[in-house]
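Read the structure below first, then the notes.
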Amino acid sequence: MEAFWLSTAVIFIAELGDKSQLMAMTFAARYRARDVLIGITLATAIVHLASVGIGWWIGDAFANYQGAIAIVAGIAFLGFALWTLRGDELTDEEAAKARNSTGRAIVAVGVAFFLAELGDKTMLATITLATREGWLGTWIGSTLGMVAADALAIVVGAVLGRKLPEKVITYGAAALFALFGLILILEGAGVL
C-alpha cells in the first residue's frame, strides 16, 4: 500500500502543469470527457506498466546497492524539481494535432497520450519509484495519480474555463519533488 500511496501522490504532483494536462483539456473540448479519460487511462496504464518493469529490473539487478540507488533516485527527483520549474508547454503543432484528430476518440486520445508520455518526467518518476517500491502498487498508483491530475484539468477547463494558477502549481510541485529527493538522498546516505 505504501508504494500505491507514494506513487499516486508523486505522479499526481508531477502531472500538475504538464503538457499532458493541456492535451487533456484540448481533447475534452472536442470529445466527450468520458472518452478522453478512457483513452488517457489505457495509454497511461501501458506506459506505466513498462516503466515499473524497467524500474523493478533496475532495483532487482542492483539489490545490493540500495543506498546508492536511493541517492541516485534522490538526485533524479531533484532533477524533476528543476524540470518542473523549467515548465512544459503544449506546442501549437501538438495542440493542432489534438484538435484535428480524426477517428475514434478513445483511440486518438490513447495514441496521443502514449506517445506524449514516452520519456516524459512522469514515466521517469515511475521508473525511479519502482526501483525501491513494489511494482504493482507503483503501477496502479502512478496510473491513478496521472489520470486524476488529467481529470482535474478536464474539470477545471470545462467548469472554470481557465487554467489553474500556474506559478503556484509549478513552485509547489517543484518543492515537493525537491523534498522527496532530499529525503531519498538522506536515506541512501544512512542519515534517515
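Scoring 64-72, 111-119, 6-14, 50-58 by mean Cβ neighbours within 10 Å over their residues and listing the highest first yields 6-14, 50-58, 111-119, 64-72. When Met25, Met146, Met123 are compared by accessible surface with a 1.4 Å probe, the order from highest to lowest is Met25, Met123, Met146.
Taken one residue at a time, the phi angles of region 122-127 give Karplus couplings (6.51, -1.76, 1.60, θ = phi - 60°) of 5, 5, 5, 5, 5, 4 Hz. Gly and Pro are set to x.
Computed from backbone phi with θ = phi - 60° and the Karplus coefficients 6.51, -1.76 and 1.60, the 3J(HN,Hα) list for region 107-112 is 5, 4, 5, x, 5, 4 Hz; x is used for glycine and proline.
For the pair region 129-147 / region 7-42, the C-alpha centres are spaced 17 Å from each other.
The values are calculated or read from the model by the stated rules, or taken from the named source; none is laboratory data. Keep in mind that what you see is a predicted model, and the values were worked out from it rather than measured. Counting neighbours? That spans all protein chains shown, and the Cβs are built from the backbone with ideal geometry, glycine included. We work out accessible area using only protein heavy atoms, side chains counted, and drop any ligands, DNA or RNA first. Shrake-Rupley method; radii C 1.70, N 1.55, O 1.52, S 1.80 Å.
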